[in-house]
Amino acid sequence: MKKQSNLSRLMQYAGGYKYLTYASWALSALSALCALVPFIYIWQIIKEVLESAPDFKNAVNLTHYGWMAVIFALLSVFIYICGLMCSHLSAFRIAANMRRDCMRHIVKLPLGTAESIGSGKLRKIVTDSSAATETYLAHRLPDKAGAIVTPVGLLAMLFIFDWRLGLLSLIPVILGFLIMTKMTGKGMEQKMKEYQDALADMSNEAVEYVRGIPVVKTFGQTVFSFKRFKNSIDRYEKWVIAYTKALRMPMMFYTTAINAVFAFLIAGGMILACGGITNELLLNLLFYVIITPVIATTLTKIMFMSEDGMIVNDAIQRIDSVLNAPALSVSMRTKNPRDNSVVLENVSYSYDGKKDALHNISLHIKPCQTVAFVGPSGSGKTTLANLISRFFDAQKGRVLIGGVDIKEIKKEDLMNMVSYVFQDSRLVKTSILENVKMAKPGASREEVIQALKSAQCEDIIKKFPNGVDTVIGAKGIYLSGGEQQRIAIARAMLKNAPILVLDEATAFADPDNEVLVQKAFAVMSKNKTVIMVAHRLTTVQNADCIYVLKDGEIEESGNHAELMQNDGLYSRMWNEYQTSVHWKVGVSND
């Protein structure tokens, strides 16, 4: 199948506005031709001055030629502005449609896919990549039409007035064009991709760093958290400096070549003047000295257009990477779960298609049962919880809620059945009330306040004069990690879903906040199926069943007492955890 050009892809988003794009090219080309006409009148002015010298009274047409040059220059500008208006209208529509399509597809993606891409990269793709196409369509393509027409008109003029000087003018142009071709070839396209990758990486790390500042400050880990962000900046700096140095010599030769036209003209003029200087030679030489800088300007425009074409190609590929990401499948037939049980049947999942993060997992969680997933880092605990919440779809096997495959449950119904409390719950810059109401937009103020009380948030509300109407993130009002977690729990309480997934929900809470968070969990967990992902083993002692994972498989399962009787992975983890809890740093008396 023949690959579509970038322009064809962009025009798919234009609708009827694509005709404005085509009109902008025609107007830009016409503007470029009009811009050359003043040079002809300048030639006429120089000719009349030379022919009438020394009696300039005979130069009666100078005013006419001058006004005609001005009129055509103004006409060129007016036509160009009309072309830009057409191109901008089309470009804005295309950029808006691209962003709309991206956002529509993003909301259909599994939540895990969006999380794995990274919010910083997604933001850059949706905004910056579409903006790159906007610049390309609004400016570069119309300029390209003008840049193509200008050399054609110039060549005609160069050879009409004096073909010998015209040939001399073309020598540096050809040299500059060859150097430019070398700079903007396939290697440049790869470099442009590397540049955009470096920018996207830096943007993503910046967003994640800023989001983590409250936690960073709570635990005093500024240096460690800054390391990844700083490394991304260092990689970008290293790449940019190396790339700039690599282009230094080619750019120097290119600049020298396109500006050397005067040297060729002067040398050619001296040779042609050996037989004597004539008015015609002097006229043409002066005219060529005036008009040849247009060649350098046109070549430079073409060079930047080539670069912009590569930027747009990269931008379209990045947008396609989002649009081609598989959306959550939607079953044509939907069923209603009979209860809040959770069953996994031979479930496997791999992030890279090589090694399974989960392999052949089968388990049965009864309605209103509390279970916990524990295990070493990277054992698949969070992945397992994500599959139950349908952040991803299992690649093998089935996940059932209430006896129904989650793929056959309407997305809205599934979201109403499952509440998820993350280890790094995020709040938006709005009031505490609105943050909690996100879980149930139709909830009354009294319902929200009751949810906040149940989530042990009364101390948070009381310390602010505006109470639940306090806007988080405004005027220096920020919450600690544990406080944010309690607000997130209030949100989950208001939603009141029958299945509750807690993913390291106390990971960033200080001891005081952890006590309150645990009290909130006790209230929230009543009559619900609770699935806990935990590193702190003390939080899972009372679970009805504990599943111990290792390398993506269930190593053992049972309640705390049963697992402690076995000399297995859980008992070893428990003993190691207790040792770390009771370990204290000795303080010298010196």
Next on the checklist: Let's test the formula: R0 of 45 Å, r as the Cβ-Cβ distance of residue 51 and residue 191. What FRET efficiency results, to the nearest 0.05?
Outcome noted: 0.25
Checklist entry - Taking amide hydrogens as modeled 1.01 Å from N in the peptide plane, which residues meet the under 5 Å criterion relative to residue 396, leaving out close sequence neighbours? => result 348
Next on the checklist: At 7 Å along Cα-to-Cβ for each site, give me the label-to-label distance between residue 579 and residue 259 in nm.
Outcome noted: 7.1 nm
Checklist entry - Gain in length, residue 148 to residue 131, computed as 0.36 nm per residue apart minus the alpha-carbon separation, to one decimal in nm? => result 3.7 nm
Next on the checklist: Loop only by DSSP, 11 or fewer other Cβ within 10 Å of the Cβ. Give me the trypsin sites (Lys or Arg not before Pro) in segment 350-391 that pass, ordered by residue number.
Outcome noted: 354, 355
Next on the checklist: Set the bar at 29 Å for Cα to Cα. Now go through 462/519; 407/528; 238/381; 18/182; 124/429; 381/407 and name every pair that lies beyond it.
Outcome noted: 238/381; 18/182
Checklist entry - For the pair residue 167 and residue 64, what calculated FRET efficiency results from E = 1/(1 + (r/R0)^6), where r is the Cβ-Cβ distance and R0 = 25 Å, to the nearest 0.05? => result 0.15
Item to check | Karplus-derived HN-Hα couplings along segment 488-501 (A = 6.51, B = -1.76, C = 1.60, θ = phi - 60°), whole Hz, x at Gly and Pro | outcome: 5, 5, 4, 4, 5, 5, 5, 5, 6, 6, x, 10, 10, 10
Item to check | Two-site label geometry, residue 289 and residue 567: point separation in nm, points 7 Å out along Cα→Cβ | outcome: 10.0 nm
Checklist entry - How far, in nm, would the chain grow between residue 523 and residue 105 when pulled straight, counting 0.36 nm per residue and subtracting the alpha carbon separation? => result 146.8 nm
Item to check | Amide proton proximity set for residue 404, modelled H, under 5 Å, gap of 5+ | outcome: 338
Checklist outcome for this item: Note on segment 342-580: contact order normalised by length, alpha-carbon pairs under 8 Å, 6 or more apart, percent, works out to 27 percent
Checklist entry - R0 = 41 Å: FRET efficiency of residue 19 with residue 252, Cβ-based, nearest 0.05? => result 0.45
Checklist entry - Tell me, what are the semi-axes, in whole angstrom and largest first, of the equivalent ellipsoid of segment 342-580 as set by the roots of 5 times the Cα gyration tensor eigenvalues? => result 32, 21, 16
Item to check | Placed amide H near residue 530: partners under 5 Å, 5+ positions off or other chain | outcome: 369, 370, 371, 500
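Every number in this text was worked out from the coordinates using simple rules, so none of it is lab data. Every value quoted in this text rests on a predicted model; they were computed, and no experiment measured them. All Cβ positions, glycine included, derive from the backbone under ideal geometry; neighbour counts span all protein chains shown.
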